[in-house]
1. What FRET efficiency comes out for A:GLN36 versus B:MET100 if R0 is 51 angstrom and r is the Cβ-Cβ distance? Round to the nearest 0.05.
2. Along each principal axis of its Cα atoms, how long is chain B end to end? Whole angstroms, biggest number first, please.
3. Helix-only mean residue ellipticity at 222 nm, chain B, DSSP H runs n ≥ 4 weighted -39,500 (n - 2.57), per residue, nearest 500. What is it?
4. Distance check, please: which entries in A:LYS61/A:LYS165; A:LYS136/A:LYS166; A:LYS35/A:LYS165 exceed 21 angstrom between their Cα atoms?
5. Using the Cα centre of the protein assembly as shown as origin and beta-carbon charges of +1 (Lys, Arg) and -1 (Asp, Glu), tell me which of B:LEU12, A:SER116, B:LEU191 is placed farthest towards the positive end of the dipole.
6. Taking only C-alpha pairs under 8 Å that are 6+ residues apart, what is the relative contact order of region B:78-214 in percent?
7. Please build a GNM for chain B, connecting alpha carbons under 10 Å apart, and tell me which residue among B:ALA31, B:ALA176, B:ALA14 fluctuates the most.
8. Under the Kirkwood approximation for Rh and a Cα-based Rg, what ratio Rg/Rh is obtained for region B:93-200?
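The values are calculated or read from the model by the stated rules, or taken from the named source; none is laboratory data. Bear in mind the structure is a predicted one, so any value in this text is a computation, not a measurement. Here the Cβ positions follow ideal geometry from the backbone for every residue, glycine too, while neighbour counts run over all protein chains shown. Just the protein is used for accessible areas: all its heavy atoms, side chains included, with ligands, DNA and RNA removed. Shrake-Rupley method; radii C 1.70, N 1.55, O 1.52, S 1.80 Å.
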Amino acid sequence: MKSDEPSLARLMAMAQRGDQLAYRTLLIECRRWLKQYFGTRIAPNHLDDLVQETLLALHHKLATYDPARPFLPWLAAIARYRWVDHLRRVYRAEETELEEELIGRSDEPAIAARISLDRLFEQLPSAQAQAIELVKIEGLSVAEASHACGQSESLIKVNIHRGLKKLTAMIEKA
Amino acid sequence: MYRDTNALIDELTAGLEPVRPLRLSSGLRFALAGLAVTLAVVALLFGIRGDVLAGRLDPVFLLSAGLFFVLGLAASVTVIVMSRPQVGRDHGGWRWAAAMTALLPLSGIITWMVRGPDAVSAATVGQGLECAVIGSMLGLLTFAVLTFWLRRGAPTSPERAGLLTGVAAGSFGIFALSLHCPFSDVVHVGLWHSLAVVVSAGLGRLVLPRLIRW
């Protein structure tokens with residue numbers, strides 16, 4: 001089926017009433033949508049983990065969706081929250097090449113642009129965005145990131161801390 | 001994590017139970033019920049101030065109690081709305097209520113300066129601290145109710161949710177206490193009653209985020 005906003009909202013409302021078939025269809029569509037949504041903003045080897053974490057969050061927070069409101073902005077808020085949380089927790093990634101074919105496509109470009117991770121990320125000052133991009137997404141060490149972008153190591157750490165704090169504050173607003 | 005997302009989807013589908021969506025009206029009823037219990041506690045434990053019972057309402061009492069009630073209501077509504085995430089929401093409306101209520105401490109400080117340092121004696125400080133402490137404690141029920149609601153919900157900014165829960169709790173707590181507190185002086189109300197909200201907001205910001213992360 002086509003995962004347009006009204007269909008997803010309808011499936012979600014049915015899932016809230018306990019319809020398992022609708023829920024299964026919704027989860028499959030959400031998995032596809034989330035893979036596109038996270039796109040290049042996550043290291044490829046962490047994409048499946050993040051999608052699964054977000055599906056679990058969706059499951060536990062089903063009651064927080066208001067059937068009178070659009071579905072995708074709700075799902076995007078859940079996804080952004082899990083994404084920022086994931087950035088906090090990660091890692092030095094083993095692979096840093098991003099899968100270009102996962103760059104998001106959407107049938108509703110205006111909505112997609114409004115709720116995208118890029119829009120959230122663009123709210124950050126460039127130094128903070130760069131520090132997060134290099135260390136938390138591409139998986140460089142702080143020293144490597146410092147060498148790559150010219151910021152001192154302590155500045156990289158400060159910018160990551162401030163950037164993640166700012167992202168958390170803007171999850172729904174940006 | 002699961003090795004296979006299909007297995008996760010199978011498990012989640014099998015575990016689906018019908019849920020009742022969180023409603024703003026339900027959350028608000030819940031919060032106001034907490035306030036009603038708090039008011040009953042004040043009436044039973046401390047008693048209602050005599051001029052209120054006699055129907056002689058002091059203007060400073062009316063204004064300050066009204067402002068704290070409106071701030072508590074605005075913060076409570078924002079907290080309840082925050083429990084249902086949605087990209088595109090601002091959650092900033094409560095700031096206007098906070099700005100209006102901030103006129104109370106501002107007026108208190110200006111009046112204190114005009115009257116001179118003697119306007120705040122050791123005795124009035126003691127009375128003020130008592131109001132600030134009891135007012136903060138009376139907000140605990142509102143604090144618990146909103147925390148429960150946030151744990152059911154999905155707040156995407158636990159820090160802001162914590163701060164606002166504290167503002168709501170402190171405002172409702174001091175609103176309830178103002179029905180007992182016999183002082184209608186703008187210095188007392190502006191400084192010490194406002195302090196209850198500030199203390200409660202600080203506690204909410206510090207304590208709550210770890211309780212409501214998801």
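1. Computed FRET efficiency for A:GLN36 and B:MET100: 0.70.
2. That works out to 73, 33, 27 Å along the principal axes.
3. The helix-only estimate for chain B comes to -22500 deg cm²/dmol at 222 nm.
4. Long pairs (Cα-Cα over 21 Å): A:LYS61/A:LYS165; A:LYS35/A:LYS165.
5. B:LEU191
6. Contact order relative to length: 37 percent.
7. It is B:ALA14.
8. 1.04
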